Amino acid sequence: SSKVLLRPRTSEEVSHILRHCHERNLAVNPQGGNTGMVGGSVPVFDEIILSTARMNQVLSFHSVSGILVCQAGCVLEELSRYVEERDFIMPLDLGAKGSCHIGGNVATNAGGLRFLRYGSLHGTVLGLEVVLADGTILDCLTSLRKDNTGYDLKQLFIGSEGTLGVITAVSILCPPKPRAVNVAFLGCPGFAEVLQTFSTCKGMLGEILSAFEFMDVVCMQLVGRHLHLASPVQESPFYVLIETSGSNAGHDAEKLGSFLEHALGSGLVTDGTMATDQTKVKMLWALRERITEALSRDGYVYKYDLSLPLEQLYDIVTDVRARLGPRAKHVVGYGHLGDGNLHLNVTAEAFSPSLLGALEPHVYEWTARQQGSVSAEHGVGFRKRDVLGYSKPPEALQLMQQLKALLDPKGILNPYKMLPSQA
C-alpha cells in the first residue's frame, strides 16, 4: 500500500531522497526491474518506492579492456545489445533480461546461464557507486582489475538486496564476444550418466565449455504439452544442454563432435543433436529457458532454488516426489548442473496450506543436512528471510545484523527483507 513512488535520474537525487528519509525515519524500498522471485523489491507496508528506472545511462565503455560503466537502472538486455555491437558480451544472462536492471542483478548477486564460464558478479563487478542510508555517496566506481588498498567494500553491497545501501552505478568487466557458439542437446539414461557426462565434458571441452544445463523428462513433457515445443532427441529420463563458446568455429565443432562420439559410444548418452547455426541454437536453448513458463501454465508452482553437492543434486526431487505422492500434480528438477544449482519445482491445481506444510521446512532441512544453500541464485528477500538459519550459523547471522546496524542504524533501507525477523 505504498503511496509514494520516486524516480530519480542521478545519484545526487538518490542522495537527497535518502537524506530526507533518514532524517524523518521514513522507510525506503529500492526497486529495479521488479523481476525477483523472493519479494525483495516489493514493499511490505507503506515504504517509499525508490525506482532506478530512469537511471539508465551508459557512462563509459572501453573497447580494449571491455570495462562497462553504467547507471544501475540500465536493462540487462539493452546493455547486452550495446556491448555486443562492440564485440563483447555481458558476463551474465538471465531469463528476465528483457526487464531486469543491472543494479538489481548486482544487489541480488544474480547467477544465470553464463555463471559456469564467467563466474559470479563478485568477480566480474569491478566497482560500485552506492548511496548509504544517510545520503552519503560512496564512490567506489573503479575500473581497475587489481586494487589491494584496504577492505573491498563493494563486496558488501553485492547480494545485500538494498538493505545496506542503494546501488546507483556499476563498473563491470565484459568478456569478448565468442566468434563461435555451438550447442549440443543430449538424452541421458540416468542421473549418474548426467554427472559422468559433465566430468567427461569438462575434460574434453575444457576452456570452450560455457554452459552445462540439465532437465528431467517431466520438464520436457510439460514444455511439449503447454508450449508445443518438440524434443529433438528420443525420450530419455534426463536431458543435458551443453554450450561451447570459442574463437575458432572449426576447432570448437571438432572438439564437440569428438566429445559426442565418445559420449554416445560409451553409453553415457543415448541420443544427441548438435547446432551451430543461430536459429537451431535458439531453438535448443528455448527447451531449457522456457521450463518456467511451461510450469506456470501447469498450475500453482512451489519454487525452490537450491545449491547442493553434485552427487546429491537430484536425490531431493525423488524424495519430494515420493513424499507428496498424488497430492502434487508434477515434481520436477532442472537447473545449472555446472554450478550445482537445482531448481526444484512442484505444481498443483491450486495453492494448498497442507501441501506447503509437507514441503516446508522439509526441503530446507534436507538441504541443510547436505550442507547446501536454501537460495542458490534467487536471493533471500521477504520470502526466505526466516530460513536463512538453514544455511548460515548463528554467528554469521549476528555479524550480518551488526553490519546492518552500522550502515543503516535506523533500519530504513528495504526493511523486513533478508535478515531473520526474530533476530
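The values are calculated or read from the model by the stated rules, or taken from the named source; none is laboratory data. These numbers come from a predicted model, not from an experiment. Here Cβ is always computed from backbone atoms with ideal geometry, including for glycine, and neighbour counts include all displayed protein chains. Side chains included, ligands, DNA and RNA excluded: accessible areas come from the protein's heavy atoms. Shrake-Rupley method; radii C 1.70, N 1.55, O 1.52, S 1.80 Å.
Quick notes
- Solvent-accessible area of the stretch 261-373 (1.4 angstrom probe, protein heavy atoms only): carbon and sulfur portion equals 52 percent.
- J(HN,Hα) series, the stretch 81-90, from Karplus relation 6.51 cos²θ - 1.76 cosθ + 1.60, nearest Hz, glycine and proline x: 4, 4, 6, 5, 5, 9, 6, 10, 9, 6
- Within the stretch 41-143, chymotrypsin sites (Phe, Trp or Tyr not before Pro) in DSSP loop having at most 10 other beta-carbon neighbours inside 10 Å: 45
- Computed from phi, the 3J(HN,Hα) profile of the stretch 363-371 under the Karplus parametrisation 6.51, -1.76, 1.60 (θ = phi - 60°) reads 4, 5, 5, 4, 5, 4, 5, 8, 6 Hz, with x in place of Gly and Pro.
- Nearest-ten-degree value, helix 191-205 long axis tilted from longest Cα axis of the chain: 80 degrees
- Beta bridges per DSSP with both ends in the chain, % antiparallel, nearest 5: 90 percent
- Loop GluC sites (Glu not before Pro), the stretch 59-150 (other Cβ atoms within 10 Å of the site Cβ: 14 or fewer; DSSP): 85
- Between the amide H of residue 109 and those of 159, distances stay under 5 Å, these residues lying 5 or more places away or on another chain, with hydrogens modeled in the peptide plane.
- In straight-distance terms, cross-link reach from residue 410 covers every one of the lysines whose alpha-carbon lies under 28 Å from its own, apart from those fewer than eight places away in the same chain; here that gives 3, 154, 384, 392.
- Overall form of the stretch 180-293 per C-alpha gyration tensor (a/c, 1.5; a/b vs b/c): oblate
- For residue 385, neighbours were defined as the other residues whose beta-carbon sits under 15 Å from its Cβ, and their charges (Lys and Arg +1, Asp and Glu -1) total +1.
- Centroid-to-centroid separation of the stretch 221-269 and the stretch 295-370 [C-alpha atoms, Å]: 25 Å
- Between 0 and 90°, nearest 10: helix 217-227 axis offset from the chain longest Cα axis: 70 degrees
- Part-to-part distance (alpha-carbon centres) for the stretch 49-63 and the stretch 190-210, which is given in Å: 38 Å
- Set 255/282; 97/404; 97/280 screened for pairs whose C-alpha atoms are more than 23 Å apart: 97/404
- Using θ = phi - 60° in the Karplus curve 6.51 cos²θ - 1.76 cosθ + 1.60, the 3J(HN,Hα) couplings for the stretch 230-241 round to 8, 6, x, 10, 5, 4, 9, x, 9, 10, 10, 10 Hz; x is entered for Gly and Pro.
- Residues residue 421 and residue 323, FRET efficiency given R0 of 35 Å [Cβ-Cβ distance, rounded to 0.05]: 0.80
- Taking amide hydrogens as placed 1.01 Å from N in the peptide plane, the amide H of residue 168 sits under 5 Å from those of 129, 130, 131, each at least 5 positions away in sequence or on another chain.
- Principal axis extents of the Cα atoms in the chain, from largest to smallest and rounded to whole angstrom, are 68, 56, 38.
- Cross-link reach list, aspartates and glutamates versus residue 417, counting only Cα pairs under 15 Å and skipping chain neighbours closer than eight places: 46, 47, 161, 386, 408
- Heavy atoms of the protein chains alone define the surface here; on that basis the chain has 44 Å² accessible area per residue at 1.4 Å probe size.
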